[in-house]
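Colleague: Just dropping this structure here.
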Amino acid sequence: MGENEMMAIVEAILFVSGEAVSLSEISDILGIERKDAGKLMDNMIERFRSEGRGLKILKANDTFRIATCPSYKEYIERFIGKTREKELSPSCLETLSVIAYRQPITRMDIEDLKGSNCAHSLRVLLKNGLIKETGRLKAIGRPILYSTTDQFLRSFGLLSLKELPALEEMG
């Protein structure tokens, strides 16, 4: 099977999945080595970009998903009749920022940094899949630890947490 056919298969899988598909799954489905699947995906991402398509392949860690290009958002919203995505409140964004930079982190540590209660923000961020519970701190009461998710990376157009701006840049 040639590269074009493999790309067509992956494109169809990403389309019907609606969720991120791991590199291991792609490798297994195509019956090729993981490193070859990685090269295929890199080539596919570049091809989508260079052809100026309305879709693009997003990579977050070792997962891939298909998405529309942000430059066509206005037209897509017109088509589906959606005027605007629901935005996160400033409090939720502040909580998300603290988690992104300090993860894994407990609720108490978030509240100490913010200086306010964050229970509602944590519920909203969990519901939206932007954060997840990643364990418990080995301390009295065993508080929950929170970290960001791959959905967080995709939502903010990041490939990894290393792409977050340095805190000094945000000053």
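Colleague: List the number of the failed condition for Y146; all other conditions in (1) closer than 23 Å to F64 by Cα; (2) surrounded by 14 or more Cβ atoms within 10 Å (Cβ to Cβ); (3) of a type in the set (S, T, Y) hold.
Modeller: Only one criterion in (1) closer than 23 Å to F64 by Cα; (2) surrounded by 14 or more Cβ atoms within 10 Å (Cβ to Cβ); (3) of a type in the set (S, T, Y) is unmet by Y146, namely (1).
Colleague: Kindly indicate whether G157 is surrounded by fewer than 17 Cβ atoms within 10 Å (Cβ to Cβ) and farther than 16 Å from E19 by Cα.
Modeller: No, not satisfied.
Colleague: Does A67 satisfy the condition of being in contact (Cβ under 8 Å) with a residue 40 or more places away in the chain and in a helix (DSSP H, G or I)?
Modeller: When the stated conditions are applied, A67 does not pass them.
Colleague: Go through segment 74-87 and give me each residue that's surrounded by 10 or more Cβ atoms within 10 Å (Cβ to Cβ) and at pLDDT 80 or above.
Modeller: Correct list: Y75 only.
Colleague: For segment 16-70, how many residues meet the condition of being of a type in the set (S, T, N, Q), under 19 Å from the mean Cα position of the chain (by Cα) and surrounded by fewer than 18 Cβ atoms within 10 Å (Cβ to Cβ)? Don't jump to the end; show me each part of the working.
Modeller: Quick first cut of segment 16-70, residues of a type in the set (S, T, N, Q) only: 17, 22, 24, 27, 43, 50, 61, 63, 68.
Checking which are under 19 Å from the mean Cα position of the chain (by Cα) leaves us with 17, 22, 24, 61, 63, 68.
Next cut, surrounded by fewer than 18 Cβ atoms within 10 Å (Cβ to Cβ) only: 17, 22, 24, 61, 68.
Result for segment 16-70: 5.
Colleague: Given the conditions (1) at pLDDT 90 or above; (2) crowded, with 18+ Cβ neighbours inside 10 Å, and given that I13 satisfies all but one, which numbered condition is not satisfied?
Modeller: For I13, the failing item is (2).
Colleague: Being under 24 Å from P70 (Cα atoms) and in contact (Cβ under 8 Å) with a residue 24 or more places away in the chain is the filter here, so list the residues in segment 1-17 that pass it.
Modeller: Result: M7, V10, E11, L14, F15, S17.
Colleague: May I pose another question? Where in segment 1-61 are there helices (runs of 4 or more DSSP H), lying wholly inside it, with at least 3 residues that are within 18 Å of G157 (Cα to Cα) and in contact with a strand residue (DSSP E or B) (Cβ under 8 Å, 6 or more places away or on another chain)?
Modeller: Counting at least 3 such residues, we get 34-50.
The values are calculated or read from the model by the stated rules, or taken from the named source; none is laboratory data. Fair warning: this is a prediction, and the values are worked out from it, not measured in the lab. Counting neighbours? That spans all protein chains shown, and the Cβs are built from the backbone with ideal geometry, glycine included.
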